Structure formats: structure tokens, C-alpha cells
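The values are calculated or read from the model by the stated rules, or taken from the named source; none is laboratory data. Because the structure is predicted, anything quoted here is derived from the model rather than measured. Neighbour counts run over all protein chains shown; Cβ positions are idealised from the backbone, glycine included.
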């Protein structure tokens with residue numbers, strides 16, 4: 001994370017028209033590879049995979065996560081899907097990350113299934129076929145000023161008690177048996193402990209979605225946003241990047257998924273123009 005200074009453009013804000021400090025998150029976003037098309041049919045038990053078509057020569061790193069049978073290679077797989085478009089209810093693309101481009105030491109790609117929407121099944125299939133084997137960049141689906149949702153795994157904090165996990169108040173020091181637990185975990189009825197009772201357990205390391213993060217900037221040159229000495233516990237931005245307003249869940253180096261905002265705010269103003277971006281070193285001297 002870093003910060004920038006911009007003029008507040010939110011109508012009704014107490015600081016409207018004045019310079020404010022904005023927290024910013026920089027996400028390195030190398031292009032993803034469209035490595036497969038997958039068709040789904042509807043059944044009584046839900047959606048079921050009908051067929052797949054994979055690119056002929058996937059990168060060597062794919063061997064670390066998946067082994068593709070020959071019957072699913074491009075020509076055979078496409079013929080099976082194209083000949084049964086009347087049965088298929090949904091078309092999706094399997095997208096793979098390219099961690100080597102970020103130069104983070106990771107080699108194995110992450111596979112993500114993305115729905116192809118809009119138009120008829122045939123139009124969606126033709127569009128997916130054009131993308132198959134090509135790189136998809138973040139600038140192809142979002143622009144500066146758009147709102148996106150971020151999905152990630154939060155920081156793990158291990159097993160914690162109810163005071164830290166749920167924020168309950170400690171009992172007085174003369175309390176019976178324990179101070180850092182609730183006074184009662186339930187009445188006679190119902191004869192079980194309800195889920196809403198604060199109890200000790202795993203805290204953090206959960207998948208969470210944060211909504212409506214404004215895209216402040218997209219860029220290709222990571223050096224223009226990297227502090228001197230690099231980001232703490234990350235280093236240099238080497239490929240394309242996305243700058244979002246606010247924070248995102250998870251630790252540094254952890255995968256973050258972005259999607260077009262599913263519940264956008266109608267009153268959200270345009271993204272503020274940065275007058276200043278901090279690229280000072282936060283490593284300490």
C-alpha cells in the first residue's frame with residue numbers, strides 16, 4: 001500500500017473541493033492466458049460439464065497443476081462443443097495466471113473459471129474461441145474510474161478466544177471460572193449452542209469479498225509506482241499494475257481476484273485525479 005493526495009470530488013462531503021489523503025493499494029496484474037473453453041449442460045442435479053477444449057501446447061508450468069488428456073485438445077474438443085450447441089446452456093473460459101511474469105518466485109499457475117456472458121450461446125462460443133490461446137489483460141475489461149470487487153483470503157490469525165475474535169467485553173475479575181468468555185452460552189431451550197454465541201475458534205484465513213473498490217490508475221510501467229527499495233515484503237513491480245482506492249483482503253504476495261462490481265453505487269463520483277503519489281521508501285533507514 002501507499003498513499004496519494006487528490007481533491008475531494010464527493011458532493012456533500014465536509015472536505016469537498018479540498019485536498020485529502022487517499023489510501024491506495026497497488027496490485028501487480030500480469031496478463032492471464034485463456035487456456036481452455038468449457039461447455040455446460042443443465043441437468044436435474046445442476047450444471048454438468050459437457051466438454052472441454054484446451055490449447056495444444058500449454059506452458060511447461062501447467063504440468064504442476066493439471067494433466068490434459070489428448071481427447072480434450074483444441075480440435076477434438078471444439079468439434080464436440082460446436083456440434084452440440086443446442087444442448088449447451090453455458091460457456092466458460094478457463095484462465096490461467098502467469099506468475100513468472102511477476103518474477104515472484106512462484107511457478108505453478110492458478111486456474112480460474114470465468115463465465116462468458118452476453119449474446120446467444122453461439123455468439124458466446126465464437127467469442128471464447130477467439131480468445132482461446134491468447135493473453136487477456138486487465139485493461140481489457142476495466143478502465144480507470146470503474147468500480148471492482150476484490151476477492152481474497154484474509155490474514156490468518158490462528159485459534160483465538162471470543163474477546164479478540166468477536167470483540168466481547170471481559171467479565172469482572174471476580175467472575176466465576178473465567179474472565180474472557182461469555183457468561184452463558186444459552187438457555188434450556190433450544191438444547192444446543194447456537195452459531196451466534198461468541199466462542200473460540202479459527203480467526204482469519206477466510207475467503208472474503210470487498211465491494212466497490214474504485215480503480216484509480218492502470219499502468220504498464222511498475223517503476224513509476226514502486227517506492228525506493230521496493231514495497232515491503234514484496235519488492236519491485238515488474239509488469240502491469242492496477243491501483244485501487246482503499247485496501248484489499250489478505251497478505252502481501254497473496255492472489256487477489258477482481259471482477260466488475262456486482263452491486264455498484266449509483267451515486268459514486270468519478271475517480272479523483274491524483275495530484276501527488278508517494279513513492280518514498282517505507283523500508284526505514
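Considering only residues of the stretch 164-177 that are part of a loop (DSSP other than H, G, I, E, B) and under 23 Å from residue 204 (Cβ atoms), which is nearest to the chain's Cα centre (by Cα)?
167
Need a quick list: strands (runs of 3 or more DSSP E) entirely within the stretch 1-50 having at least 2 residues that are out of contact with any strand residue (DSSP E or B) (no Cβ under 6 Å at 6 or more places or on another chain).
Those strands (runs of 3 or more DSSP E) span 32-43.
Being exposed (fewer than 10 other Cβ atoms within 10 Å of the Cβ) and under 28 Å from residue 204 (Cα atoms) is the filter; apply it to the stretch 178-193 and report the residue that is modelled with the highest pLDDT.
Checked the stretch 178-193; the qualifying residue modelled with the highest pLDDT is 192.
Considering each residue of the stretch 215-235, count those that are within 18 Å of residue 278 (Cβ to Cβ) and under 16 Å from the mean Cα position of the chain (by Cα), and give that number.
Residues that pass the stated criteria total 0.
Among the residues of the stretch 49-69, are any touching a helix residue (DSSP H, G or I) at 6+ places or on another chain (Cβ under 9 Å), at pLDDT below 80, farther than 30 Å from residue 222 by Cα and buried (at least 17 other Cβ atoms within 10 Å of the Cβ)? Before the answer, list the steps.
First, the residues of the stretch 49-69 that are touching a helix residue (DSSP H, G or I) at 6+ places or on another chain (Cβ under 9 Å): 50-56, 59, 61, 68.
Next, only the ones that are at pLDDT below 80 stay: 56, 59, 61, 68.
If we keep only those that are farther than 30 Å from residue 222 by Cα as well, we get 56, 68.
From the residues that got through so far, the ones that are buried (at least 17 other Cβ atoms within 10 Å of the Cβ) too are 68.
Checked against the condition, which is being touching a helix residue (DSSP H, G or I) at 6+ places or on another chain (Cβ under 9 Å), at pLDDT below 80, farther than 30 Å from residue 222 by Cα and buried (at least 17 other Cβ atoms within 10 Å of the Cβ), the stretch 49-69 yields at least one hit.
Only residues in the stretch 50-62 that are in the same structural domain as residue 132 (by TED's automatic domain parsing) count as the first member; pair them with residues that are surrounded by 21 or more Cβ atoms within 10 Å (Cβ to Cβ) and in a loop (DSSP other than H, G, I, E, B), Cβ under 9 angstrom, at least 6 apart or cross-chain, and list the lot.
59/109; 61/109; 62/109
Only one of these conditions is not met by residue 209: (1) in a strand (DSSP E or B); (2) surrounded by fewer than 16 Cβ atoms within 10 Å (Cβ to Cβ); (3) at pLDDT below 95. Which number is it?
Only one criterion in (1) in a strand (DSSP E or B); (2) surrounded by fewer than 16 Cβ atoms within 10 Å (Cβ to Cβ); (3) at pLDDT below 95 is unmet by residue 209, namely (3).
Being within 19 Å of residue 253 (Cα to Cα), in contact with a helix residue (DSSP H, G or I) (Cβ under 9 Å, 6 or more places away or on another chain) and part of a loop (DSSP other than H, G, I, E, B) is the filter here; which residues of the stretch 89-108 pass it?
98, 105, 106, 107, 108
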